[in-house]
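Just below is one structure, and these are the notes that go with it.
Throughout, read-outs are computed from the coordinates displayed, never taken from laboratory work. Since the structure is predicted, the reported quantities are computational estimates derived from the model, not experimental observations. Glycine also receives a Cβ, built like all others from the backbone with ideal geometry; neighbour counts cover every protein chain displayed.
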Amino acid sequence: MNNPSLELLFEFLRFPSVSTDPLRSQQVGACAEWLSSHFQSIGLSSAVYPTPGHPVVVARNAAKPGRPTVLIYGHYDVQPEDPVGGWSSAPFEPEVRDGILYARGSADNKGQIFAHVRGVATALAEHGDLPVNLIFLVEGEEEIGSPNLEAFLQEHREALRCDVIAVSDTGMVAPGVPTLTYGLRGIAAMEVWVKGPSVDLHSGIYGGAVQNPATVLARLLASLHAVDGSVAVDGFYTGVLPLQEWEREAWSRVPFGEKQIEASTGVAAVGGESGFTALERIWGRPTAEVNGIGGGFQGEGTKTIIPREAFAKLTFRLVPAQEPAAVLEAVERHLQSQCPPGVTLDVRHGHSGSPYINDPESAYGMAAQKALQRVLPGVGVALIREGGSIPIVNTFERVLGVETLLLGLALPNCRAHAPDENFPVANFEAGMALNQALLEEIASAYRQKAGA
Ligand code: BES
Ligand code: MN
């Protein structure tokens, strides 16, 4: 390997910075320290800021008047590596096979944020300066919903004042296709417990006369959807912006769709809300998902009981301009109203994040499009939304008052959150070039704005 940036990315990837695992918090902190030292080694000033959870790393160059301030956000925390048996090579021992880098965090998000870091390192080494005032904000709690970042933004609002934010934590629709994401879904999480008898009951002695909490739960979960695949909760769709004609048209030209989804997931046929294509369902429509379900006897063989309780973990993916709190309330009202006498329903609201949308043709949106086109010429820029969530992006708009440009570098088969997560070395290198083009184009858009 003769690419020093790749060697450094390997070091970054070797930290098992799994934010959700309390046993790994030491390694999460060590990863933050390593990143901060690296920022210093390339000529930025940098510090590690503790939070009640995992630390935030902030690095910057010396600000100069007359140029825009760009904040680049990313996260150094990763998802757990399990199921470990699914990996072809160890998750925290990065390995390149056929030009593709395999490691937990290679795509989500260490490889992508580090492409920006190395783009800046290269520019600083070559020119001694950047075309913009730059702030890197790299957090360690994105994969657990960024519980401490909003307070951090509020506290450091002045120091983090900027003109625009750039994030590479999304995808590219196909190899070599420059992709600008102008919308993200939001998320709202909920846990539901159906509770019945005070102990598990003999299903022969009591069955038929006592409500079965597992059966009630199944009914409640089934009642979340209508037969046409839409969500059957009163008020769920309040505020949902209808898809615009231009986006349906633009998305229909994206070289990714039902066939690729079927191939990459192993399902025989895609499914969902009728009246929408698969991409429209993922990028532009809200959903209700059961993430986990449990209760009753799980062992081998048969056990004739009526379980005393059953539970489910739910998340809702939201689109502009749904409000997470309003959605959770609507769902809770729906479930309570469907719940028969003889059982009680306990509902716990979990973390949430608002959806996001911006104008891909704003001045900085156009700067992003030009930068993408410079680095990946030949194919036009795909303008898309994504189904995943980066809750802090909406918070950036609310607290810092600026838009976020989402320039994704991961491929559809990157296996984020799954075994064999991967990121092509070519995308890492394209990301470094993209960083330099982006900062130049943003500087030029800023000058045009100032001159106008
Ligand atoms: N990078 C993803 C978000 C993403 C995934 C954007 C796919 C676009 C396409 C991010 O790290 C992530 O996984 N976010 C979580 C947020 C949640 C834990 C609050 C998600 O979307 O589930
Ligand atoms: Mn991510």
Exercise for the section: Using Cα positions and a limit of under 20 Å, work out the lysines in reach of Lys313, with same-chain residues fewer than 8 apart set aside. Expected result: Lys195
Handout entry: Residues in the stretch 361-387 that a label on Asn413 would reach, taking backbone N under 16 Å of a point 7 Å out along Cα→Cβ
Key = none
Fill in the blank from the handout: Place a point 7 Å from the Cα of Lys64 in the direction of its beta carbon; the residues of the stretch 19-47 whose amide N falls under 18 Å from it are 43-45
Exercise for the section: Rank these for me by crowding, Cys31, Cys339, Cys414, going from fewest to most other beta carbons within 10 Å. Expected result: Cys339, Cys414, Cys31
Exercise for the section: Give the calculated FRET efficiency between Ser45 and Glu273 to the nearest 0.05, with a Förster radius of 60 Å applied to their Cβ-Cβ distance. Expected result: 0.75
Completion exercise
For the stretch 27-36, Karplus-derived ³J(HN,Hα) couplings (6.51, -1.76, 1.60; θ = phi - 60°; whole Hz; x for glycine and proline) come out as 5, 5, x, 5, 5, 4, 4, 4, 5, 5
Fill in the blank from the handout: Expected unfolding gain across Ser203-Leu124 under the 0.36 nm per residue rule, minus the alpha-carbon gap, is 21.2 nm
Exercise for the section: Find the centroid of the Cα atoms in the stretch 55-130 and in the stretch 191-239, then give the distance between the two in whole Å. Expected result: 44 Å
Practice task
Please list the radius of gyration and Dmax for the stretch 233-303, considering alpha-carbon atoms only, with Å as the unit.
Solution key: 17.5, 56
Practice task
Compute the distribution of all C-alpha to C-alpha distances in the stretch 48-162, in bins of 10 Å from 0, and list the percent of pairs in each, rounded to whole numbers.
Solution key: 12, 36, 31, 17, 4, 0
Exercise for the section: Filter the GluC sites (Glu not before Pro) in the stretch 354-452 down to the DSSP loop ones having no more than 13 other Cβ atoms within 10 Å, then list what survives. Expected result: Glu361
Exercise for the section: At a temperature of 4 °C and a viscosity of 1.567 mPa s, determine how fast the stretch 379-452 diffuses translationally according to Stokes-Einstein, using the Kirkwood radius over alpha-carbon pairs as Rh; express D in µm²/s, rounded to the nearest whole number. Expected result: 85 µm²/s
Practice task
Binning at 10 Å from 0, report for the chain what percent of all alpha-carbon pair distances ends up in each bin.
Solution key: 4, 19, 28, 25, 14, 6, 2, 0, 0
Handout entry: Per-pair calculated FRET efficiency, R0 = 35 Å: Asn3 and Lys259 via Cβ, rounded to 0.05
Key = 0.55
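What per residue convex hull volume, in Å³, do the alpha-carbon atoms of the stretch 20-88 yield?
Numbers: hull volume 9.1 nm³, N = 69.
In the stretch 20-88, the Cα hull volume divided by residue count equals 131 Å³.
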Problem - Relative frequency of Cα-Cα separations exceeding 16 Å in the stretch 86-133, percent - result: 53 percent
Practice task
Could you run the Debye sum over the Cα atoms of the stretch 86-225, one equal point scatterer each and no solvent, and tell me log10 of I(q)/I(0) at q = 0.17, 0.22 Å⁻¹, two decimals?
Solution key: -1.18, -1.48
Fill in the blank from the handout: At 4 °C and 1.567 mPa s, the Stokes-Einstein diffusion coefficient in µm²/s for the stretch 200-338, with hydrodynamic radius from the Kirkwood sum on alpha carbon pairs, is 73 µm²/s
Problem - Ranked list, fewest to most other Cβ atoms within 10 Å of each Cβ, for Asp234, Asp163, Asp200 - result: Asp234, Asp200, Asp163
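In whole angstrom, how long is each semi-axis of the equivalent ellipsoid of the stretch 255-400, when you take the square root of 5 times every eigenvalue of its Cα gyration tensor and sort them from largest down?
With the √(5λ) rule applied to the stretch 255-400, the semi-axes are 39, 22, 13 Å.
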Problem - Inter-site label distance for Asp234 and Glu11 at 7 Å from Cα along Cβ, in nm - result: 6.0 nm
Handout entry: Histogram of C-alpha separations across the stretch 186-268, 10 Å bin width, %
Key = 12, 23, 30, 19, 11, 6, 0
Practice task
Let me know the whole percent of all Cα-Cα pairs from the stretch 139-182 that are separated by more than 11 Å.
Solution key: 76 percent
Practice task
Scan around Leu411 for amide H atoms under 5 Å from its own, H built in the peptide plane at 1.01 Å from N, and keep only partners 5 or more places away or cross-chain.
Solution key: Met172
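Grab the eigenvalues of the alpha-carbon gyration tensor for the stretch 146-243, scale each by 5, take roots, and send me the semi-axes largest first in whole angstrom.
Taking √(5λ) for each Cα gyration eigenvalue gives 45, 22, 15 Å.
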Problem - Antiparallel bridge percentage (DSSP; both residues within the chain; nearest 5) - result: 70 percent
Problem - Separation in nanometres of the label points that stand 7 Å from Cα toward Cβ, at Arg97 and Arg333 - result: 5.2 nm
Exercise for the section: Quote the convex hull volume per residue of the stretch 116-166, based on C-alpha atoms, as a whole number of Å³. Expected result: 97 Å³
Exercise for the section: From the C-alpha gyration tensor of the stretch 326-452, pull out the three semi-axes of the equivalent ellipsoid (sqrt of 5λ each), sorted largest to smallest, in whole Å. Expected result: 40, 21, 11
Handout entry: Exceeding the 27 Å Cα-Cα cut-off - candidates Lys64/Lys449; Lys64/Lys370; Lys110/Lys370
Key = none
Handout entry: Those GluC sites (Glu not before Pro) in the stretch 271-358 that DSSP places in a loop and that have at most 12 other beta carbons within 10 Å
Key = Glu300
Practice task
Starting from the alpha-carbon convex hull of the stretch 350-408, give the projected area averaged over all orientations, in nm².
Solution key: 4.7 nm²
Practice task
Would you mind getting me the FRET efficiency between His156 and Glu300? Use the beta-carbon distance for r and R0 = 45 Å, nearest 0.05.
Solution key: 0.25
Handout entry: Per principal axis, descending, Cα span of the stretch 165-212 in whole Å
Key = 65, 24, 13
Exercise for the section: Fewest Cβ neighbours within 10 Å first, please rank Val270, Val164 accordingly. Expected result: Val270, Val164
Handout entry: Integer Hz, Karplus 6.51/-1.76/1.60 couplings in order for the stretch 97-104, x for Gly and Pro
Key = 10, 6, x, 10, 8, 10, 4, 4
